[in-house]
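Here the structure comes first, spelled out in structure tokens, and everything after it is commentary.
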Amino acid sequence: MRNICAFFAAAWIAVSLPTFAQDSIKKGDKSWTDLEKQLADINDQWVCAHKHHKNHAQDCVDFKNQIWPSTFFEISMQGEVTDKQEMVKRQTATATAHPVSPGDAGPNPQDFKLMAVYGNVALATDRTVFKVADDSGKIHVRDQATVLRIFVKQNGRWVPAGAALVPVK
């Protein structure tokens, strides 16, 4: 009986810890706002957008390959689940075919919002505008998506862990 009570106590603590961890950061607090700014910058780095834009497409792919954990995944606007290895492979092929990424071509996240923090997991949303350059170099909007961004804290650092894209019609 004592073993059963100890088991249930340990299980309750394990299940409750993420809830208690969430209470340490409250929406609207300075710590929340600071984390939101930090994650927005990491998000821009992740997609090589804004001040983190890279003119050489392969530089962006190489950066993502470094910062994504091995378990990184993304759910595309078509509903396809793709892991890190396949994403790096596909993006390398695209970067080889189109090595120069002019101006703000590529994903451009806007309206980044931190939605929830559960211990070492943070969930955020943004609206990402996907831009492409035509043959003359003029930039056009190709698509837009509302994106769920998943971040995890590993070795004291926040890193992108996954994303799910929902098309904006």
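General remarks:
- Between HIS56 and SER101, the built amide H atoms are under 5 Å apart, and every one of these is 5 or more places off in sequence or on another chain.
- Percent of Cα pairs exceeding the 17 Å cut-off, where the set is segment 100-153: 47
- Degrees, to the nearest 10: 57-67 long Cα axis against longest axis of the chain: 10
- Overall Cα dimensions of the chain - principal axes, largest extent first, Å: 75, 34, 32
- HN-Hα J in Hz across segment 109-122 - Karplus 6.51, -1.76, 1.60, θ = phi - 60°, x for Gly and Pro: x, 9, 6, 5, 9, 6, 9, 7, 10, 10, x, 9, 10, 10
- Under the criterion of Cα pairs below 8 Å and six or more residues apart, the relative contact order for the chain equals 21 percent.
- The chain: calculated mean residue ellipticity at 222 nm from DSSP helix runs of at least 4, using -39500 (n - 2.57): -12500 deg cm²/dmol
- Helix 84-97 vs. the chain, principal-axis angle (Cα, 0 to 90°, nearest 10): 10
- Degrees, to the nearest 10: 2-23 long Cα axis against longest axis of the chain: 40
- Farthest positive-ward along the chain dipole, Cα basis, beta-carbon charges - from TRP32, GLN45, TRP68: TRP32
- Between amide H atoms placed 1.01 Å from N, distances below 5 Å from TYR118 occur with LEU123, all of them 5 or more places distant or on a separate chain.
- For the chain, size of Cβ-based charge dipole, Lys and Arg +1, Asp and Glu -1, in debye: 340
Rule-based calculations on the coordinates, nothing more; no lab input. The model shown is predicted, which means the values in this text are computed figures rather than measured ones. Every residue, glycine as well, gets a Cβ built from its backbone with ideal geometry; the counts of neighbours run over all protein chains shown.
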